[in-house]
Amino acid sequence: MRSADSTPPALPSEDPIGLQSFAVLLRTMNAELGRLSQEFAREQGLHPTDVQALVAVLDAEYDEDGGPMTPGRLAQRMDLTTGAVTACLDRLEKAGHLRRVRAADDRRVVHLHYAESGRDAARAYFRPLARATDAARNAFSSEELHVVVRFLAELNGQLTRLGR
């Protein structure tokens, strides 16, 4: 992971909490997270879509559907064909990042699980991101963090609704 050499963009001084400031900050954060994700993909010999699939598998328990991710749910979530998802899962399984497990109650159902070796590689790579996130969190009070979490949850909800 390379260190960020650039300084964050300047915010409009006339309205530091206005829509333009939020847009600049969110675009900057999105670009940095995208860069980190692409670097991880390159380091692991994966396609960027593969990393998006891993994140979807990792976060599946927090989805409204809950429970383990399935290939069908992953295809729907990522807006990919079942063939594209199968190719992605094949790459992830071959690279040791993912396990496919048949459901005990219905052998036709396949659950996707992050493999421990893949989880270890991701933890090692993204540890500096976790430290940076924790350092940023420590700069705020609990009350402020609750507001940030509420904002991010609301924004994510709004973005999800836009895609439907």
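The values are calculated or read from the model by the stated rules, or taken from the named source; none is laboratory data. This one's a predicted model, so the numbers in the text were calculated from it and none came from an experiment. So basically every Cβ, Gly included, is an ideal-geometry build from the backbone, and we count neighbours across all protein chains shown. Accessible surface is based on the protein model in full, side chains and every heavy atom, while ligands, DNA and RNA are left aside. Shrake-Rupley method; radii C 1.70, N 1.55, O 1.52, S 1.80 Å.
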Exercise. Per residue, how much accessible area does the chain have with a 1.4 Å probe, in Å²?
Worked result: 69 Å²
Problem set entry | Extended-chain gain in nm, criterion 0.36 nm per residue less alpha-carbon gap, Arg100 and Glu116 | 4.5 nm
Problem set entry | Heavy-atom accessible surface of segment 90-164: percent carbon and sulfur, 1.4 Å | 56 percent
For this session: At 1.4 Å probe size, with no ligands or nucleic acids counted, give the accessible surface of Leu155 in Å², nearest ten.
Result: 40 Å²
Seminar exercise, completed: Classified through the alpha carbon gyration tensor (a ≥ b ≥ c as square roots of its eigenvalues; rounded if a/c is under 1.5, else prolate when a/b is larger than b/c, else oblate), segment 27-103 comes out oblate
Problem set entry | Cα-projected label distance for Ala130 with Gln20, points at 7 Å along beta-carbon direction, nm | 3.9 nm
Problem set entry | Per-residue [θ]222 nm for the chain (sum of -39500 (n - 2.57) over DSSP H runs n ≥ 4, rounded to 500) | -20500 deg cm²/dmol
For this session: Mind listing the long-range amide H neighbours of His111? Cut-off is under 5 Å, sequence gap 5 or more, other chains count too, H placed in the peptide plane at 1.01 Å from N.
Result: Val101, Arg102, Ala103
Exercise. If you rank Met78, Met29 by how much accessible surface each has, with a 1.4 Å probe, what is the order from largest down?
Worked result: Met29, Met78
Problem set entry | Integer Hz, Karplus 6.51/-1.76/1.60 couplings in order for segment 58-72, x for Gly and Pro | 4, 8, 4, 5, 9, 5, 4, 6, x, x, x, 6, 10, x, x
For this session: Run the accessible area of segment 12-83 with a 1.4 Å probe and give the carbon-and-sulfur part as a rounded percent.
Result: 55 percent
